[in-house]
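One structure is given here, and the rest of the page talks about it.
The values are calculated or read from the model by the stated rules, or taken from the named source; none is laboratory data. This one's a predicted model, so the numbers in the text were calculated from it and none came from an experiment. Cβ placement follows ideal geometry from the backbone for every residue including glycine, while neighbour counts extend to all protein chains displayed. In case anyone asks, the SASA skips ligands and DNA or RNA and just uses the protein heavy atoms, side chains included. Shrake-Rupley method; radii C 1.70, N 1.55, O 1.52, S 1.80 Å.
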Amino acid sequence: MNDKVISLLCGVIFSLGLVVSGMTNPSKVIGFLSITHNWDASLIFVMGGAILIFAPFFYFLKSREVSTLGMEIELPSKQEIDKKLVIGSALFGVGWGLVGLCPGPSISALTSPGISGFAMFDPIVIIFLFSMAIGILVNKNLLQKTIHNKN
Amino acid sequence: MNNFTPYSALLGGIIIGLSIVLYFYTTGRLAGISGIVENAITKKANRISNILFLLGLVLGPLLYCYTKEPLAIALTLPDHSFTITNSYPLVITGGLLVGFGTRLSGGCTSGHGICGIGRLSISSLIATVVFVGVAMITVTILQQFGIYL
């Protein structure tokens, strides 16, 4: 097993979790975000279940220096609680609320007709993915410019 | 809460957790999807692995469609109690904000919400509270305009 096979496998398993929990369906997510009307708490159980599995595992493995495939453990440097964190999260929140799709489910929604409520390779999903990619690139270029200016 | 599906939600969450554990255990990387998308687009290092992870996200649902018969009894699929948007301006705006916002803050539902909180990161907890809170306000406002029923 190399990291390419593992990556593919992990992507498959991840998306099975999304599909089983109904998270590729924006109307399910909107149900969770609709706090004042017909609230559906399911999303808490999805996040909670995943955290419950990952947290203890991470606690015991975080001090290791290399992974089982001999790769360097890549942990994010301690992130500051700053404007970027709060404004970025708020903008993401607006986008999430507008469509009911976040990055993982938006990709799996391409191929989960009947579950997601979209058609197979639905144009709506494809347009969302293109817009998301543009958003990512805009941020990347802005960030690189600010870092460049600082130096 | 007549659409509440705690069992399938918890099972799905556990499956997602197992994927994140396996990925971290073997590759040493955290499975934050917005970060994987950014790296797949912009970084040469591990590009093929990142693309394969995303390909897996597309293949999984197809696999599920072929094997769901025995699972179908245990798992009730969510019904469409909320209408989803089919307005292109809204979808494009939403996509741009999701892409820009997640990368500005350094994570999305998986990166901050699951991996970050799982690592007991205070900044990820704050990020999650902010994006969930703002998304709830957004949906509530849209409902006032009759966009989500």
Given (1) out of contact with any Gly (no Cβ under 8 Å at 6 or more places or on another chain); (2) in a helix (DSSP H, G or I), identify the lone condition not met by A:S27. (1)
Kindly indicate whether A:L8 is open to solvent by 70 Å² or more (accessible area, probe 1.4 Å) and in a helix (DSSP H, G or I). no
Is there any pair with a first residue in the range B:133-149 that is among the polar types (S, T, N, Q) and a second that is part of a loop (DSSP other than H, G, I, E, B) and surrounded by fewer than 13 Cβ atoms within 10 Å (Cβ to Cβ) whose Cβ atoms are under 6 Å apart and which are 6 or more apart or on different chains, and what are they? B:T140/A:T36
Test: residue in the range A:38-57 that is over 24 Å from B:I15 (Cβ atoms), open to solvent by 60 Å² or more (accessible area, probe 1.4 Å) and either small (G, A, S) or more than 7 Å from every other protein chain (Cβ to nearest Cβ) (or both): no
Residue satisfying condition, being more than 7 Å from chain A (Cβ to nearest Cβ) and on the phi > 0 side of the Ramachandran plot, within set B:N39, B:N46: B:N46
What do you reckon, is A:I127 part of a helix (DSSP H, G or I), open to solvent by less than 30 Å² (accessible area, probe 1.4 Å) and either among the aromatic types (F, W, Y) or at pLDDT 90 or above (or both)? no
Has the range A:83-99 got at least one residue that is free of Cβ contacts under 8 Å to residues at least 24 places away in the same chain, part of a helix (DSSP H, G or I), more than 7 Å from every other protein chain (Cβ to nearest Cβ) and closer than 21 Å to B:L57 by Cβ? no
